[in-house]
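The block underneath contains the structure these notes are about, expressed in structure tokens.
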Amino acid sequence: MSPELVIALLAAAVQAGTPILYATLGEMLSEKSGVLNLGVEGVMAFASFAGFFVCHSTGSAWLGFLAGGASGALLCGLHSLVCQVFLGNQVVSGLALAIFGIGLSNFLGTPYVGQGTEGFSKIAVPLLSDLPVLGQIFFRQDILVYLCYALPVAVWFLLNRTSLGLRLRAAGEMPAAAAAAGLNPRKLRALGTMAGGFLCGLGGAYVSLAHMHLWTTGLSGGRGWVAVALVIFAFWRPGRAVVGALLFGGVMAFQLRLQAMGTNVPSSLLLMLPYTLTILVLVFTAARARGARGVASGAPAALGVNIEPEG
Amino acid sequence: MTAQRPAGRHTAADISLADVLPQVRLSGVSKRFGQILANDGITLSIYPGRIKALLGENGAGKSTLMAMLAGRFKPDGGHIEVAGTRVAFDSPRQAIAAGIGMVYQHFMLVENMTVTENVLLGQEGGFVLNLAQMRRKVNELSERFGLGIDARARVGDLSMGERQRVEILKLLYRESRVLIFDEPTAVLTPVEAESLFAALRSMSAQGKSIVFISHKLEEVLSVADEIAILRKGRIEGEFLASEVSSPADLARRMVGRDVVLEIEREAVAPGRVVLDVRNLSGPGLDDVSFDLRRGEILALVGVAGNGQQQLVEVVCGLSRPGSGHVTILEQDWAKFFQSRDWKGALAWIPEDRAGLATCRGLNLTDNLLLTTRQGFAQGQWLERGRASTVATDLVREHNVQPGNIEAQAWQLSGGNLQKFVLGRELYREPRLMVAEQPTQGLDVSATEAVWQRLLLARKTAGVLLVTGDLSEALTLADRVAVMFRGRVMGLFPVTDTAQVERIGSLMAGLKA
């Protein structure tokens, strides 16, 4: 491979990793507050349509992007309703949400299949984009990618340096302690889930508005499932999520290039690559976590456990 | 043991008619859960600068009363005043704001967070946290009250005693004026308990009101200024600690009848060795050796987590011995567990009586069958009728309430469940019996019943008693083994007073 090709591949990896990073950080926020949300794939699918639809009908890419986030928050509001109010099982509700989101986006999106949209275009950052190699990889992207550079830091800051983050983590680690401190852990969990859903929605909208610039069914393409796995890979730390997202973005971009170059490898095998990597990553993470005892893996202690009412 | 507190501050009369304004006053407070009247017209005053002990058997309504003060439940009748003003708490937040703070029996701490973060939770004062400043504040508080807690430490790395002091720090940080402690010594070593009492006295001397919930009579007498007794949801008596002549006197006032805490021990001649542990090492265990004969009780004491659990698991066949030899009833460990008999062999009373010893959703007959099913087996079939008869007999013999064998395990109180488990295990006529924390969380009368049974069991068995309660060990045991970090620090008869004096330091790992 020529150096140009490698640089192009890495630039494509950054772009492919961006929606995954949005979604991974979203799921992380939700899980940090104690709510396992397996519905990310559905949330992203629906948000990618909502983003496309709003952009298509208003002509504003930004409105479309925000609509993606809002629709994600809305869908995850449903998950909160089931789990925080009716104490439904988080795994079942999350899976239902995944199926529901995918189905809804296909149903509503049928008339628009194949239609394109302007969306976001690439902007070269002055000065930085002239850097050799790095400039071409990181600073000739669209604005949402640049936004995404700041996101892990923002999420880390929110979780570790603000009162809201402290409360969210308490709700995820030990809801009873939060309640004894006079807080309402269920509200906190609903907030964490919906804020996380907003980020997942942004990730979904990124795919239709900035990556593919069109709407078609199955646009989310399994990114949501990858995000759920990446949260575990990242040990619930935003910094590690960046590594994971780039890794997966790289594999996705690589597999597309290989297909485009017309190798002899069957395309279905190439399409499997990201998911094979997902399985490998989970096996590797599980082995590491066992070595370092559960605590060090960073999983919130009350993750997936609903808050039962007292008395 | 008598109370040690500043003399001459208050006299007997002012419990009811003090000229000091109570910090908190409950007037005729009632709370009902379905059919059960948990609190029935409770009137109680809590004064600044005093330590009030709330004493009662299990299920007397202590927890309900405290939950109402902490804003978790609303009273059905009566009202609560704070500093002379009527209040109605809708949430714990309002109770905290009114200056009422709780230290729960199960700590409300997030293990994965630092001390500072735990103290700050809910009291952050601003969206962005200023951690450096907060750490300084927490460290200052810790120093002022002599708590010795590092604000940076992760709570999960702290001992139980330290965690409790983090809970106290939380309340001090919120400037709570009433500090309520629910069974605070249940998780502490004797030394830690002493330092807790010192902290309580120092806080009380600085004008805080302390409420101390317990059913350990000695410690109530040693720390409290005044004692209120709760029985069946009502206040049955309130008096100064100095009016009480002895723990036995207090026990009498508490249960309303005489309870023999000084249990009669008749000597039983020791028989054959039923358990022989030689140089046992393994995870959590370091060169443990002891033997146990029929006719004696060997108490294994120590702070929880010093290898007792691992030792019990080996003796009861849950985990393999690492290196060393374990001989049970004159058979090698492996051989014994290969062909173990349900009867006449080994019986185990686990610490976790509601989780390990019983299945909460099964009735008492099925729970009886859990460990005795071989005795009721007819080929592939179980003789359920006979099992029910036996269960009925057991329930009657051991005075298990409610006396209905159709009741499911979760419906029984801790004490009654324990009496049932004990009855079931004794039905197996064991020659070796392992009892882990058999009276933890039980009230005085249930404790007494369990003790009597264990002493009786000596006639046919050797009993290995694992306990964190020193007075239990000294009351029941013939010999005591002290464990620390997986090692037996000392093994001696309870009659060896010089050694017994040293148990506390042995438990803390001090050999000298």
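Every number in this text was worked out from the coordinates using simple rules, so none of it is lab data. Being a predicted model, the structure only gives us computed values, none of them experimental. When we count neighbours, we look across all protein chains shown, and the Cβ atoms used for this are built from the backbone with ideal geometry, even at glycine.
Quick notes on this one:
- For the range B:358-427, the relative contact order comes to 39 percent (Cα pairs under 8 Å, sequence separation of at least 6).
- A run of chain A free of exposed loop cleavage sites, with GluC sites (Glu not before Pro) counted only in DSSP states other than H, G, I, E and B and at most 13 other beta carbons within 10 Å, reaches its longest extent at A:119-309.
- Efficiency of FRET from Cβ geometry, A:GLU308 and B:GLN331, R₀ 45 Å, rounded to 0.05: 0.45
- Short-range pairs are left out: with C-alpha atoms under 8 Å and at least six residues apart, the relative contact order of chain B is 15 percent.
- Placed amide H near B:ASP76: partners under 5 Å, 5+ positions off or other chain: B:SER30, B:LYS31, B:ARG32
- Acute angle (nearest 10 degrees) that the helix A:3-32 long axis makes with the longest principal axis of chain A, alpha-carbon atoms: 20 degrees
- Restricting the range B:376-450 to trypsin sites (Lys or Arg not before Pro) in coil, as DSSP defines it, with at most 11 other Cβ within 10 Å: none
- Long-range Cα-Cα pairs in the range B:292-374 (distance over 17 Å), rounded percent: 58 percent
- Alpha-carbon gyration tensor eigenvalues x 5, square-rooted, for the protein assembly as shown, Å: 57, 35, 26
- The amide H of B:VAL434, built 1.01 Å from its N in the peptide plane, has B:ALA347, B:TRP348, B:ILE349, B:LEU464 as neighbours under 5 Å, considering only residues 5 or more places off or on other chains.
- Neighbourhood net charge (15 Å Cβ-Cβ; Lys/Arg +1, Asp/Glu -1) for B:TRP342: +3
- Euclidean distance of C-alpha centroids, the range B:396-451 and the range B:96-158, integer Å: 40 Å
- Charge sum, other residues only, whose C-beta stays under 12 Å from B:ALA83's C-beta, Lys/Arg counted +1 and Asp/Glu -1: +2
- Total formal charge among the other residues, if their Cβ is under 13 angstrom from that of B:ALA97, Lys/Arg +1 and Asp/Glu -1: +1
- The helix-only estimate of mean residue ellipticity at 222 nm for chain B, built from DSSP H runs of length n ≥ 4 each weighted as -39500 (n - 2.57), is -9000 deg cm²/dmol after division by the residue total.
- Under the combined filter of DSSP loop state and at most 16 neighbouring Cβ atoms within 10 Å, the range B:459-496 retains these trypsin sites (Lys or Arg not before Pro): B:LYS459, B:ARG485.
- q = 0.11 Å⁻¹, chain B: log10 I(q)/I(0) [Debye, one scatterer per Cα]: -1.05
- Value of Rg to Rh for the range B:358-427 (Rh from inverse mean 1/r over Cα pairs, i.e. Kirkwood): 0.95
- Rounded to the nearest 10 degrees, the inclination of helix A:185-206 to the longest alpha-carbon principal axis of chain A is 10 degrees.
- Axis of helix A:267-291 versus longest Cα principal axis of chain A: the two differ by about 40°, to the nearest ten degrees.
- Reachable lysines from B:LYS31, criterion Cα separation under 17 angstrom, eight or more residues apart if same chain: B:LYS62, B:LYS74, B:LYS232
- Taking GluC sites (Glu not before Pro) across the range B:329-398, the ones in a DSSP loop with at most 15 further Cβ atoms lying within 10 angstrom of their Cβ are B:GLU330, B:GLU383.
- Value of D in µm² per second that Stokes-Einstein yields for the range A:3-296, Kirkwood Rh from Cα pairs, at 20 °C (1.002 mPa s): 111 µm²/s
- Once C-alpha pairs closer than 8 Å and six or more residues apart are averaged by separation and normalised to the residue number of chain A, the relative contact order reads 37 percent.
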